[in-house]
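Below: the structure, in structure tokens.
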Amino acid sequence: MTEHVVRVVGIGADGWEGLAPAARDEITRAEVLMGSARQLDLVPGEFERVPWPSPLLPALPDLLRRHADRRVCVLASGDPMFHGIGSTLVRLLGPDRVRVWPHPSSVSLACARLGWALDQVEVVSLVGRPASLLLPHLQPHRRLLVLGGSPTEVAALAPDARLTVLEQLGGPRERVHHDPADADPLHVLAVECGPGGLTRVPGLPDAVFEHDGQLTKREVRAITMALLAPRPGELLWDVGAGAGSIAVEWCRTHPSCRAIAVERDPERAARIGRNASALGVPGIRVVVGRSPQVLDFERPDAVFIGGGLTAPGVVERCWAALGAGGRLVANAVTLESEAVVARWHAELGGELTRVAVSRGAPVGGFTGWRPHMPVTTWAVTKESE
């Protein structure tokens, strides 16, 4: 692809009339105008108009290559760098080959209409994504703006929330109402959360997970997550995932966190997928297979071994996969798995912790302590490659 600059102009529902003079000038000087059919119809003039193909992302490099010798202007909705095509083009071409003229985003316009402070609003994009991604964001009395998705699906996920549909913002057909079933395709959905919602702090109640007993219990899970120390954008391998509770909690800490859950039992693997969807992190990749044979994935930032510790080669493979600063945490319940942990602790160092949890339970007409099996946790950080 020859070195040329792509101009990206943000345009709102108010169309040509709402554009600043500099933005209009960039459009009028273009030879090729690219955008959605709706956006292309907003602009007067004689151009070669190229509507976006579907799916767009796989076709975009070739599309730009075919017009590399011409002056290209791309139309985008609102601010092109906010969940928009501008960000995609920068990733593809680099920042030096993209020039952006932004328009007020739909989020800015929505906040202006609602009287909401933009810096106190959480924005969730459901464009091309499952609605369940919204679940971790449904926190008591929070304000959300949802881009894309189905308002009726959001209403079903958040029955205690107040919903406001803001349509065609900035245009002559602008409308604000509270009927999710009557939403224009070009809308922003404002969500004022009710008192419900699960915390994003690790240690969710055991009861929210579907499981067959193979579940890292709540107290141990909270400790394990503290040792794994998830950070935004990081990838976890959850090996011997059982119900997938560690992978789920990891991904709930931040929308950019990712996880691969490995489970040899197909029924349990299917259960992991259901737990991930029900708790708002449907993007978890679930792999059915035996470790270490299937452990050939993108380099992780952290690894949790919850099952299969005694299988030959599992610890070796997980440790080798980590880069500098990577964390490995393993939980052992049986004497055999404790022996493995002790041996590796002697070789690699780290910290050993034994956790014994007892929960209050009825004893006749009284309350007594019902102990759970103690868990030995080994946590180690890789200092160098």
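Conditions (1) out of contact with any His (no Cβ under 7 Å at 6 or more places or on another chain); (2) outside the structural domain of E122 (by TED's automatic domain parsing), marked per residue:
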| residue | (1), (2) |
| --- | --- |
| L134 | yes, no |
| T164 | no, no |
| L169 | yes, no |
| P185 | yes, no |
| L198 | yes, yes |
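Of all residues in segment 16-44, count the ones that are of a type in the set (G, A, S) and out of contact with any Phe, Trp or Tyr (no Cβ under 9 Å at 6 or more places or on another chain). Working first, answer last.
Start the filter on segment 16-44 by keeping residues that are of a type in the set (G, A, S), which leaves 18, 20, 22-23, 30, 35-37.
Now narrow it down to the ones that are out of contact with any Phe, Trp or Tyr (no Cβ under 9 Å at 6 or more places or on another chain): 18.
Summing the residues that are of a type in the set (G, A, S) and out of contact with any Phe, Trp or Tyr (no Cβ under 9 Å at 6 or more places or on another chain) in segment 16-44 gives 1.
Can you name every residue in segment 104-132 that is part of a helix (DSSP H, G or I), among the small types (G, A, S) and more than 25 Å from G283 (Cβ to Cβ)?
Step one: filter segment 104-132 for residues part of a helix (DSSP H, G or I), giving 106-114, 118-120, 131-132.
Retained after the next criterion (residues that are among the small types (G, A, S)): 106, 108, 110, 112, 131-132.
Within segment 104-132, S108, A110, A112 qualify.
Given (1) assigned to a strand (DSSP E or B); (2) more than 30 Å from H254 (Cα to Cα); (3) touching a residue at least 60 places away in the same chain (Cβ under 8 Å), where does A76 come up short, assuming only one miss?
Condition (2) is where A76 drops out.
When L145 is evaluated against the numbered criteria (1) touching a His at 6+ places or on another chain (Cβ under 9 Å); (2) of a type in the set (A, V, I, L, M); (3) within 21 Å of T199 (Cα to Cα), which criterion, by number, is the only one it fails?
If we test L145 against (1) touching a His at 6+ places or on another chain (Cβ under 9 Å); (2) of a type in the set (A, V, I, L, M); (3) within 21 Å of T199 (Cα to Cα), just (1) comes out false.
Only one of these is within 22 Å of H103 (Cβ to Cβ) and either assigned by TED's automatic domain parsing to the domain that holds A276 or of a type in the set (K, R) (or both): R175, R129. Name it.
R175
Name the single residue, out of those in segment 216-250 being more than 22 Å from G308 (Cα to Cα) and free of Cβ contacts under 8 Å to residues at least 60 places away in the same chain, that is surrounded by the fewest Cβ atoms within 10 Å (Cβ to Cβ).
P232
Please return the ranges of strands (runs of 3 or more DSSP E) entirely within segment 217-328 where 3 or more residues are within 24 Å of S384 (Cβ to Cβ), touching a Leu at 6+ places or on another chain (Cβ under 9 Å) and at pLDDT 95 or above. I'd like the intermediate steps shown before the answer.
Details: elements: 235-239, 258-263, 285-288, 302-305.
Where strands (runs of 3 or more DSSP E) fall fully within segment 217-328 and carry at least 3 residues being within 24 Å of S384 (Cβ to Cβ), touching a Leu at 6+ places or on another chain (Cβ under 9 Å) and at pLDDT 95 or above, they are 235-239, 302-305.
Quick one: is V341 at pLDDT 95 or above and either among the hydroxyl-bearing types (S, T, Y) or not in a strand (DSSP E or B) (or both)?
Yes; evaluated as a whole, the condition is true for this residue.
Being closer than 25 Å to H83 by Cα and without any contact (Cβ under 8 Å) to a residue 40 or more places away in the chain is the filter here; which residues of segment 180-210 pass it?
Of everything in segment 180-210, those that are closer than 25 Å to H83 by Cα and without any contact (Cβ under 8 Å) to a residue 40 or more places away in the chain turn out to be P180, A181, D182, A183, D184, P185, H187.
Return the residue satisfying two criteria in turn: it lies in segment 158-201 and is of a type in the set (D, E, K, R) and either in contact with a Gly (Cβ under 8 Å, 6 or more places away or on another chain) or outside any loop (DSSP other than H, G, I, E, B) (or both), and of such residues it is farthest from Q139 (Cα to Cα). Spell out the reasoning first.
Residues of segment 158-201 that are of a type in the set (D, E, K, R), as a first pass: 160, 162, 167, 173-175, 179, 182, 184, 192, 200.
In the following step, the residues that additionally are either in contact with a Gly (Cβ under 8 Å, 6 or more places away or on another chain) or outside any loop (DSSP other than H, G, I, E, B) (or both) were identified as 160, 162, 167, 175, 182, 192.
Working: D160: 11, R162: 13, E167: 25, R175: 27, D182: 26, E192: 10 Å.
Applying the filter and picking the extreme gives R175.
The values are calculated or read from the model by the stated rules, or taken from the named source; none is laboratory data. On a predicted model such as this, the values are computed, not experimentally measured, just so you know. A quick note on method: Cβ atoms are made from the backbone with ideal geometry, for glycine too, and the neighbour counts reach across all protein chains shown.
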